[in-house]
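The values are calculated or read from the model by the stated rules, or taken from the named source; none is laboratory data. Remember, it's a predicted structure, so these values are computed and weren't measured experimentally. A quick note on method: Cβ atoms are made from the backbone with ideal geometry, for glycine too, and the neighbour counts reach across all protein chains shown. Accessible surface areas use protein heavy atoms only, side chains included; no ligands, DNA or RNA. Shrake-Rupley method; radii C 1.70, N 1.55, O 1.52, S 1.80 Å.
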Amino acid sequence: MVLLFAGWAALSPEPMAWIYIGVVALIELWLARRVKRADSDPVAPGEPPYHFSDEEAALVQRYRFYFTYPALARDCSSMLAAIGLTALGLAPWLTYKRVLLPALLIGVNLFAVARFTKLLAPLMALRMAASRGDRPALRMLEVHETAWARIRTGNQATRKMER
């Protein structure tokens, strides 16, 4: 969908660039609302059914949407990638076509795309930070697998109890 609107904006910059911006804004507002709703409850260490350690609870709390809705986070990450890639092509093209305000808004939106990407696909950002020598990021990467293992185990135990 984003690619279609970006293509239209490239072919007919004056009206369609604003429609592209509107579509992207609606997607990002919806996503911001979903992320905020997922972050509402704190993650407490040691509580059933997951029994997270302190580090695991901090990781899950920091990336709550990613751990709560993994399939939706993956799908939204793909959508954000499309928005980011189209913005990288569309902003210079619109600048060339002298449609400056939409080009500026689309270019500045890359900061929002980067922020959402860090929340929805944290492994990439953590790996990059760890490769630069960031010890907390390296520790979060180590804790990531154990947190997912506890989530799977806790969910299986909950399903067995419901039967």
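Quick rundown of the values:
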quantity: Every residue from segment 104-128 that is of a type in the set (A, V, I, L, M, F, W, C), under 26 Å from Pro45 (Cα atoms) and crowded, with 18+ Cβ neighbours inside 10 Å; calculated: Phe116, Leu119, Leu120, Ala121, Leu126
quantity: Test for Leu85: is it surrounded by 14 or more Cβ atoms within 10 Å (Cβ to Cβ) and under 14 Å from Phe5 (Cα atoms); calculated: yes
quantity: Hits in segment 51-62 - residues which are at pLDDT 90 or above and open to solvent by 20 Å² or more (accessible area, probe 1.4 Å); calculated: Ser53, Asp54, Glu55, Ala58, Gln61, Arg62
quantity: Residue within segment 138-154 that is open to solvent by 30 Å² or more (accessible area, probe 1.4 Å) and of a type in the set (Val, Ile, Thr) present; calculated: yes
quantity: Residues of segment 1-42 that turn out to be over 30 Å from Trp93 (Cβ atoms), open to solvent by 30 Å² or more (accessible area, probe 1.4 Å) and either among the hydrophobic types (A, V, I, L, M, F, W, C) or more than 18 Å from the chain's Cα centre (by Cα) (or both), as a count; calculated: 2
quantity: Filtered residues of segment 63-79 (kept if crowded, with 17+ Cβ neighbours inside 10 Å and either among the hydrophobic types (A, V, I, L, M, F, W, C) or touching a His at 6+ places or on another chain (Cβ under 7 Å) (or both)); calculated: Phe65, Phe67, Ala73, Cys76, Met79
quantity: Pairs, first touching a residue at least 60 places away in the same chain (Cβ under 8 Å) and of a type in the set (D, E, K, R) in segment 138-155, second open to solvent by 50 Å² or more (accessible area, probe 1.4 Å) and not in a helix (DSSP H, G or I), C-beta under 7 Å, six or more apart; calculated: Arg150/Tyr50; Arg150/His51
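Okay, residues lined up against (1) more than 30 Å from Ser12 (Cβ to Cβ); (2) small (Gly, Ala, Ser); (3) modelled with pLDDT under 95; (4) under 11 Å from the mean Cα position of the chain (by Cα):
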position: Leu80; (1), (2), (3), (4): no, no, no, yes
position: Ala103; (1), (2), (3), (4): no, yes, no, no
position: Asn109; (1), (2), (3), (4): no, no, no, no
position: Ala112; (1), (2), (3), (4): no, yes, no, yes
position: Leu120; (1), (2), (3), (4): yes, no, yes, yes
position: Ala129; (1), (2), (3), (4): yes, yes, yes, no
position: Ala137; (1), (2), (3), (4): yes, yes, yes, no
position: Ile151; (1), (2), (3), (4): yes, no, yes, no
position: Ala157; (1), (2), (3), (4): yes, yes, yes, no
